[in-house]
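This report concerns only the one structure given below.
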Amino acid sequence: MGLLRPAVEDVQARHPNAVMVDAGSGNAYLGFVLYELFLKGADTGALLSIEGRPDLTERAQGRAQRLGFTRMQFQTAHIDTAKYPERIHLLMALHACDTATDDALVAAIRHGADHVAVVPCCQAEVAAQLKEKRPVVTGSGTLSLLYAHAWHRREFGSHLSNVIRALTLEAFGYQVTVTELTGWEHSLKNELILGRRVHRENRRARVQLERLLAETGVNPKLTRELGVKPAASVGALAASTEPEVPVVASSEPGVDVSEHPPVEGAERVAPSSSSET
Ligand SMILES: C[S@@+](CC[C@H](N)C(=O)[O-])C[C@H]1O[C@@H](n2cnc3c(N)ncnc32)[C@H](O)[C@@H]1O
């Protein structure tokens, strides 16, 4: 909650009817705590929990009714085909399995979420792509040694997936922070990726992303869904000097996002000059 608080307070301050989405909500524990702390005392705003298992949705819905949490909504659906409100303000996905985290990020980007918070879970798709396509890397090819063994491929695939997720958020205009969620004794899937939308797009990050896809030979669901293609030439980065496009003009007239402080309580990734407002 400490890590999410700045995002929640930001959307509540800027959008009286803020819509928060918890994708792959399970028992909706995250949603109940968020509602108790931030929504119960406010008159407006809603929290939508999306979960693929109907038994979990029904149980959580019953609990919300008993608690009088009337602005907590539930949908039994797959994250990629769920019905979303036109505009999402904050999207969270905590341990949404494999490509479900990608689906959540696609929904956030398509619905213009101001803030995104995901803690990815197990990841298999990219490891499988690494196995099929190795080695597509340039140069001496020694990078492929990082994933020659199945165990390493799983770990490297998981790491590469999260690097691609963070870079994709940057490419679509988010300022990204990657940090630890909690102690390792609680979960090995412990990487929290926070995004705050500050630009409409970041062309430099987009070129870096396309180049990374080309160099590693992978193309996970996230980039496929968003139409990001591997670079035809890995030399493309040098040619790109185009700046970011500020988000202010397109989606939130009058709101200068640069005034919003960085996320507190989280270690900031050393920013590249391209990710600054
Ligand atoms: C590991 S649990 C985490 C639940 C909850 N976010 C939490 O942290 O307590 C993952 C949940 O995501 C749901 N899930 C996985 N893939 C999904 C998808 N594509 N669409 C909807 N729900 C999904 C599962 O049914 C499960 O309840």
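What follows draws every value from the coordinates through simple rules; no lab data is involved. Just so it is clear, the model here is predicted, and its values are computed rather than measured. Cβ sites come from the backbone with ideal geometry, for glycine too, and all protein chains shown count toward neighbours.
Side notes on the structure shown:
- Matching residues in segment 177-218 - criterion: being farther than 26 Å from Lys131 by Cα, over 18 Å from the mean Cα position of the chain (by Cα) and not in a loop (DSSP other than H, G, I, E, B): Arg203, Arg204
- Of all the listed residues (Gly45, Gly26, Gly41, Gly52), the sole one being away from the ligand (no atom under 16 Å from the Cβ) and more than 22 Å from Gly112 (Cβ to Cβ) is Gly41.
- Restricting the first member to segment 67-86 and to residues that are without any contact (Cβ under 8 Å) to a residue 12 or more places away in the chain and at negative phi, and the second to residues that are more than 8 Å from the ligand (Cβ to nearest atom) and of a type outside the set (Asp, Glu), the beta-carbon pairs closer than 7 Å and six or more apart or on different chains are Lys83/Gln75.
- Residue check for His15: within 16 Å of the ligand (Cβ to nearest atom) and surrounded by fewer than 20 Cβ atoms within 10 Å (Cβ to Cβ): no
- Count of residues meeting criterion [surrounded by 17 or more Cβ atoms within 10 Å (Cβ to Cβ) and either among the polar types (S, T, N, Q) or not in a strand (DSSP E or B) (or both)] in segment 76-94: 5
- Test: residue in segment 36-50 that is in contact (Cβ under 8 Å) with a residue 40 or more places away in the chain and buried (at least 17 other Cβ atoms within 10 Å of the Cβ): no
- Residues that are in contact with a Leu (Cβ under 6 Å, 6 or more places away or on another chain) and more than 18 Å from Glu125 (Cβ to Cβ), drawn from segment 161-195: Ala171, Val176, Thr177, Thr179, Leu181, Asn190, Leu192, Gly195
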